[in-house]
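Everything below concerns the one structure shown next.
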Amino acid sequence: MGLELYLDLLSQPCRALYIFARSNNIPFEFKRVELMKGQHRTEEFRKVNILMKVPALKDGSFTLAESIAILLYLARKFKTPDHWYPSDLQKRARVDEYLSWQHVNIRGKGSKLFLTKVLLPLLTGQPLSPKKLEGVTEELNVVLKQFEEKFLQDKPFIAGSEVSLADLVALVELMQPVGAGYDLFEERPKLAEWRRRVEEAVGKQLFQEAHEGILNIQNLTADKIAPELLEHFKHQLLKQASQN
């Protein structure tokens, strides 16, 4: 049995894996798991990942969860070019540093804006309050400033002169707010140039293909979401909103 990747390209980590595997010519079978239909909550998928989350990997009898672990597994197994996860100790440490930081920062704040701007109004039928939107946007702006000043600085890429896993993971996350209608690159020329370099490094056509769904997410309607997920999302988002 060959390598199987269980993905939904609406998910940022899934897009990172898809782009990485495709740009490195890693052979895999694309197993589509549609989150909005609740396919990640089936017993069939639970056999692949007991956590019932995407992405997931199956390599023969071996299964693996968590996107960063899967990216590193693929990089090592298929001996991808060194720049992705450098052998140089300090460059690798820069990649590790970003991957350790990003979860509750870029991912956390970008996802929060996306959920608040796209899903909350859809689920509640209520327009989003400008004050609420301003608050979550400012939270994202704070970590974007940190990203530019701490991780990007004046370098072409996070680890130096070549693209790495850190850049790919960062950019797919930043595209989530873009899909929600917040173009965070518009007034940030340094960030926009970095985005252009990362896209060129992985292949612009591949990058656009992977992001087609999320860039059209505003066409999503409630009837396209599994009923049990509607209630789950609504409960989670309203709880989150009440805490802010």
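The values are calculated or read from the model by the stated rules, or taken from the named source; none is laboratory data. Remember, it's a predicted structure, so these values are computed and weren't measured experimentally. Don't worry about glycine lacking a Cβ; one is built from the backbone with ideal geometry, like all the others, and counts go over all protein chains shown. When the accessible area is computed, the model is the full protein with side chains, heavy atoms only, and any ligands, DNA or RNA have been set aside. Shrake-Rupley method; radii C 1.70, N 1.55, O 1.52, S 1.80 Å.
Among the residues of the stretch 187-207, which ones are under 17 Å from E173 (Cβ atoms) and either in contact with a Ser or Thr (Cβ under 6 Å, 6 or more places away or on another chain) or of a type outside the set (K, R) (or both)?
L191, A192, W194, V198, E199, A201, V202, F207
Quick test of your reading of the structure: N105 fulfils all but one of (1) in a helix (DSSP H, G or I); (2) within 20 Å of A201 (Cβ to Cβ); (3) open to solvent by less than 40 Å² (accessible area, probe 1.4 Å); (4) not basic (K, R). Name the failing condition by number.
(2)
Go through the stretch 134-160 and report how many residues are open to solvent by 10 Å² or more (accessible area, probe 1.4 Å) and in contact with a Ser or Thr (Cβ under 7 Å, 6 or more places away or on another chain).
Final tally of qualifying residues: 1.
What number of residues within the stretch 9-47 are more than 12 Å from the chain's Cα centre (by Cα), within 14 Å of F207 (Cβ to Cβ) and of a type in the set (K, R)?
Selection size over the stretch 9-47: 1.
List the residue pairs whose Cβ atoms are under 7 Å apart, where the first residue sits in the stretch 212-224 and is open to solvent by 60 Å² or more (accessible area, probe 1.4 Å), the second is modelled with pLDDT of 80 or more and assigned to a loop (DSSP other than H, G, I, E, B), and the two are 6 or more positions apart or on different chains.
From the stretch 212-224, the pairs are Q218/G181.
In the list R32, R22, which residue meets the criterion of being within 24 Å of S111 (Cβ to Cβ), open to solvent by 90 Å² or more (accessible area, probe 1.4 Å) and touching a strand residue (DSSP E or B) at 6+ places or on another chain (Cβ under 8 Å)?
One residue alone meets the criteria, R32.
I'd like to know if the stretch 128-136 contains one or more residues that are assigned to a loop (DSSP other than H, G, I, E, B) and free of Cβ contacts under 8 Å to residues at least 24 places away in the same chain. Steps first, please.
Start the filter on the stretch 128-136 by keeping residues that are assigned to a loop (DSSP other than H, G, I, E, B), which leaves 128-129.
Those still in the list that are free of Cβ contacts under 8 Å to residues at least 24 places away in the same chain too: 128-129.
Yes, because at least one residue in the stretch 128-136 is assigned to a loop (DSSP other than H, G, I, E, B) and free of Cβ contacts under 8 Å to residues at least 24 places away in the same chain.
What number of residues within the stretch 161-177 are surrounded by fewer than 20 Cβ atoms within 10 Å (Cβ to Cβ) and among the aliphatic types (A, V, I, L, M)?
Restricting attention to the stretch 161-177, the residues satisfying the condition of being surrounded by fewer than 20 Cβ atoms within 10 Å (Cβ to Cβ) are 161-162.
Now drop any that are not among the aliphatic types (A, V, I, L, M), which leaves none.
The number of residues fulfilling the criteria is 0.
Among residues belonging to the stretch 53-90 that are among the hydroxyl-bearing types (S, T, Y) and over 17 Å from F28 (Cα atoms), point out the one that is surrounded by the fewest Cβ atoms within 10 Å (Cβ to Cβ). Lay out the reasoning, then the answer.
Here is the first cut: in the stretch 53-90, the residues among the hydroxyl-bearing types (S, T, Y) are 61, 63, 67, 73, 80, 85, 87.
If we keep only those that are over 17 Å from F28 (Cα atoms) as well, we get 85, 87.
Working: Y85: 21, S87: 8.
Across the stretch 53-90, the extreme among qualifying residues is S87.
Of the conditions (1) surrounded by fewer than 17 Cβ atoms within 10 Å (Cβ to Cβ); (2) within 15 Å of the chain's Cα centre (by Cα); (3) aliphatic (A, V, I, L, M), L115 satisfies every one except a single condition; which number is it?
(1)
For Y6, all conditions in the list (1) within 15 Å of the chain's Cα centre (by Cα); (2) in contact (Cβ under 8 Å) with a residue 40 or more places away in the chain; (3) closer than 24 Å to S164 by Cβ hold save one; what is the number of the exception?
Condition (3) is where Y6 drops out.
Counting only residues that are more than 26 Å from V118 (Cβ to Cβ) and of a type in the set (A, V, I, L, M, F, W, C), give me the strands (runs of 3 or more DSSP E) lying completely in the stretch 3-71 with at least 1 of them. Spell out the reasoning first.
Numbers: elements: 3-7, 29-32, 56-59, 62-65.
Once the strands (runs of 3 or more DSSP E) in the stretch 3-71 are filtered for at least 1 residues that are more than 26 Å from V118 (Cβ to Cβ) and of a type in the set (A, V, I, L, M, F, W, C), what remains is 3-7, 56-59, 62-65.
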